[in-house]
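Engineer: Before I ask anything, let me first share the structure, which is written out below as structure tokens.
The values are calculated or read from the model by the stated rules, or taken from the named source; none is laboratory data. Since the model is a prediction, treat every value here as computed from it, not as a measurement. Glycine gets a Cβ as well: all are built from the backbone with ideal geometry, and neighbour counts include every protein chain shown. Quick note on the areas: whole protein, heavy atoms, side chains included, nothing else; ligands and nucleic acids left out. Shrake-Rupley method; radii C 1.70, N 1.55, O 1.52, S 1.80 Å.
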Amino acid sequence: MSIAVSRENEVFLLSTKSTSYAFGIDDQGLVRHLYWGRRLERPEELEMPVLTEVSTNDPVLEITPEEFPVYGGLRYKEHCLKATFADGTREVVYRYCGYELAQHETVQELVLHLKDAHYDFLLDLHYKVYPDYDLMERSVVVQNQSAQPITIQQLHSGQFHIPYEGLNFSNVHGHWGAEQQRFVQKVGYGAIVIENRRGISTHNHNPYFILDRDATETSGEVYFGALRMSGNFSGVVRQTQYGETLAQLGLNPHDFALELQPGQSFEAPAILYGYSHRGFEAMTHNLHRFARQRVMRPGLRPVLYNSWEATEFAVNCAEQIKLAHKAKELGAELFVLDDGWFGQRHGIDNGLGDWYVNQDKFPHGLEELIDAVKGLDMKFGLWVEPEMVNPKAQLYQDHPDWIYHFDTRTSDTSRGQYVLNLAKEEVQRFVYETMDGLLTRYDIDYIKWDANRPISQTCLRQDIWVTHIRAVYDIVTRLKQKHPHVLFEACASGGGRIDYGILGIFDDFWTSDNTDACDRLSIQDAYSYLYPIKAMRAWVTDCPNFLSQRVIPLSFRYHSAMMGSLGIGCNILKFTPQDVALSRQMIAQYKEIRPIVQEGDFYRLDNPSPNRYFLYEYLKGEQGLLFAFLPQSRVGHRGTTVRLRGLEEDARYTVHTPQGDVTKSGRCLMQCGLPLHLHGDYASALIPFTKEGSSETPFDTQSGGSTT
Ligand code: DGJ
């Protein structure tokens, strides 16, 4: 059993394979946090400390570690919930009323029932345990059983307590074209707040916290939580005055209010959380495996060609067909027609909302291109941006009231477009029916769903910061039920929509519009801490790169993109015969190694050299890969040593280096390592290795597996 209850003192001990998390009910009916760390066995051994105030200015509620602190009473710390009742009372006083346990296949769930002492306002704290992944999940459901509305002004999904000061906090920062810039900072006094206020996810921070005690990849304690939501989130980390650190994740209180009508309930987004005493690598492996096996749609992702960077809005059928032929020649499996195929879409200022095929660009309809693509035995994908409308589009002329706006204000455009008000049922119906119509009429296998501006002027409702994204989740879920073979890619001006909420709804994720192969290395490195490699779409594009202006050899560009789900975004009609030959070879190799890349365990390897090598390992069963990059070589540099990880110590592995095969024990490859010396700037290598006596065919093209 992964949830043990000691009835004597009402302590709940939640355990995975190697971790435990515990809380209990005290004599006041408060849900008190007791423990988070390595696995314990007996809930009865956990004690409920008797708390006394430090002083009248440091009251008991302030120092009590609560699982779900509410706003009310002598509490001045971060609270998870603030509610206002119809009579104006603005505090919640909860009491514990019992619990329930449920088993869903291998997953056990605990629900704690709490109720306000005066109002018919219920709070259910939900906890799920995933023993094999060393992960747990928690959320809260608030329910109004009174006869009056209740306004929720703040709803974080839970509080975590770590009984230490001086932790390191890590997350990402960035902006369009520079998403996923990892940072680490010491938690001092005061709070660290990461948030999104834009509605359409964000390129800035990501909804998670990682707190560590001077951990490395393979050692040290790491506490982490990831919010399963793509809208406005906030995360707060605060070192208190009492020797501990608190962390919360949930809906952003910024401009937020949720009216809970009598009889209504609302489920806050869940937080996936865990603990590792073996550094960041164990966190990454557990999250990646969980995401691959329980969250994401199974199957390998296809090698795609996307025509955006080749043609931008100047799309025409004949040229797209030529691109499709070339893409097939290179080895692409999916051809994606990006922006510009519909309505009067010749630039950013028109077309969005008018989802019919542009006759001038496709005089014989989209079928002509689709038939050509299918005739080449490739899958066909289409770009859409269904949450948006341009002011010039017919849709806006017909329904000016369908956008987020204030009647007395000029509506904001950004990228020349408005955002559709998805809180309205008729707008949801329009988006669903339009997409369903496209998927029914055309033989489409893949949808790239873009969203290129943040939300503003949100009408009178203050809950759209969550209802908007939930409407998107709902529409996509229903479309996938009706069209189960279609893969959906989430994109929001590049990498603006990746989190553990959208990960289960969409199937493919655009990592960044920055396709510079060198910049991508650090973007991909940061991305890999939480998100699985299968969810990291990476394209090879032309040089000089449109953003960085760098000129990087094609082989380095391929190697960088082969670290994720490979895509090609070049103007391949301009490829030289050498480019074609190299592309064919690289794409064929990617298909061989794809199961290892997309479904193996991923390792961020140490680089002991003062030269900035980027070293990564993928391991699946008896086969592995080493990716090595040296963007810039310093005069006199002597190479590096690669110490592999995750191998069996006593087994022998053959490493297929460019200089020839080397066979050594796992112990030697992990402890002593392999010397590696790349030469010149933008040097890269992809080095496979295989366990001796492996029954798996080493890097057979046929083992590329089938794609979804
Ligand atoms: C932004 C995306 O990130 C690009 O890949 C491309 O699809 C454009 N939108 C099209 O407008």
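Engineer: Percent of Cα-Cα pairs per 5 Å bin, from 0 to the last occupied bin, for segment 592-657, please list those.
Structural biologist: 3, 16, 24, 22, 16, 10, 6, 2
Engineer: Kindly report, to the nearest 10 Å², the accessible surface of residue 505 as traced by a 1.4 Å probe over protein heavy atoms only.
Structural biologist: Per-residue accessible area (residue 505): approximately 30 Å².
Engineer: Of 282, 196, 1, which is farthest towards the positive pole of the chain's charge dipole, taken about the Cα centre with +1 and -1 on the beta-carbons of Lys, Arg and Asp, Glu respectively?
Structural biologist: 282
Engineer: Per residue, what accessible area does segment 116-250 have, given a 1.4 Å probe and all protein chains present, in Å²?
Structural biologist: 32 Å²
Engineer: Which listed residue (422, 378, 390) has the Cα farthest towards the positive end of the charge dipole for segment 375-467, taking +1 on Lys and Arg C-beta and -1 on Asp and Glu C-beta about the Cα centre?
Structural biologist: 390
Engineer: Looking at the chain only, what percent of DSSP beta bridges run antiparallel? Nearest 5 please.
Structural biologist: The answer is about 80 percent antiparallel.
Engineer: Still on this structure, please answer the following. Along its principal axes, what span do the Cα atoms of segment 85-225 show, with the longest given first and each in whole Å?
Structural biologist: On the principal axes, segment 85-225 reaches 50, 37, 30 Å in Cα extent.
Engineer: Something else: Once every DSSP H run of n ≥ 4 in the chain is given -39500 (n - 2.57) and the sum is divided by its residues, what mean residue ellipticity at 222 nm do you get, rounded to the nearest 500 deg cm²/dmol?
Structural biologist: -5500 deg cm²/dmol
Engineer: Also, I was wondering about something else. Rounded, prolate or oblate: which fits segment 48-148 when a ≥ b ≥ c are the square roots of the eigenvalues of the alpha-carbon gyration tensor, with rounded for a/c under 1.5 and prolate only if a/b beats b/c?
Structural biologist: oblate
Engineer: Restricting things to Cα coordinates, could you compute the convex hull volume per residue of segment 17-92 in Å³?
Structural biologist: 121 Å³
Engineer: Ok, one more. Do any GluC sites (Glu not before Pro) in segment 288-348 lie in a DSSP loop with no more than 15 other beta carbon atoms within 10 Å, and if so, which?
Structural biologist: 312
Engineer: How large, in percent, is the carbon and sulfur part of the accessible surface of segment 316-377 at a probe radius of 1.4 Å?
Structural biologist: 51 percent
Engineer: Further question on the same structure: Which percent of the accessible area of segment 237-305 is formed by carbon and sulfur heavy atoms (probe 1.4 angstrom)?
Structural biologist: Exposed carbon and sulfur together represent 42 percent of the surface.
Engineer: Now, a different point. As an exercise, identify the trypsin sites (Lys or Arg not before Pro) in segment 156-248 lying in DSSP coil whose Cβ has no more than 14 other Cβ atoms within 10 Å.
Structural biologist: Here the trypsin sites (Lys or Arg not before Pro) that fit, given the DSSP loop and packing criteria, are 213.
Engineer: Rounded to the nearest 0.05, what FRET efficiency do residue 411 and residue 474 give with R0 = 22 Å and r taken as the Cβ-Cβ distance? Could you check?
Structural biologist: Once rounded, the FRET efficiency stands at 0.30.
Engineer: Leaving out ligands and nucleic acids, note down the accessible area per residue over segment 328-474 with a 1.4 angstrom probe, in whole Å².
Structural biologist: That works out to 39 Å² for each residue.
Engineer: Related question: Taking a ≥ b ≥ c as the square roots of the Cα gyration tensor eigenvalues, with a/c under 1.5 meaning rounded and otherwise prolate when a/b beats b/c, else oblate, which class fits segment 491-531?
Structural biologist: Verdict is oblate for segment 491-531.
Engineer: Which percent of the accessible area of segment 96-146 is formed by carbon and sulfur heavy atoms (probe 1.4 angstrom)?
Structural biologist: Summing carbon and sulfur atoms, their accessible area is 47 percent of the total for segment 96-146.
Engineer: Which of rounded, prolate or oblate describes the chain when judged by the alpha-carbon gyration tensor and an a/c cut-off of 1.5?
Structural biologist: It is oblate, given that a/c is not under 1.5 and a/b is not larger than b/c.
Engineer: Separate question: How much solvent-accessible surface does residue 440 expose, in Å² to the nearest 10, with a 1.4 Å probe and all protein chains in place?
Structural biologist: 90 Å²
Engineer: I would also like to ask the following. At 1.4 Å probe size, with every protein chain present, just tell me what the per residue accessible area of segment 9-91 comes to in Å².
Structural biologist: For segment 9-91, the solvent-accessible area averages 47 Å² per residue.
Engineer: Next question. Over the chain, calculate the relative contact order: mean separation of alpha carbon pairs under 8 Å at least 6 apart, over the residue count, as a percent.
Structural biologist: Value for the chain: 10 percent.
Engineer: Okay, moving on. Please go through segment 238-303 and write out the GluC sites (Glu not before Pro) that DSSP classes as loop and that have at most 15 other C-beta atoms within 10 Å.
Structural biologist: none
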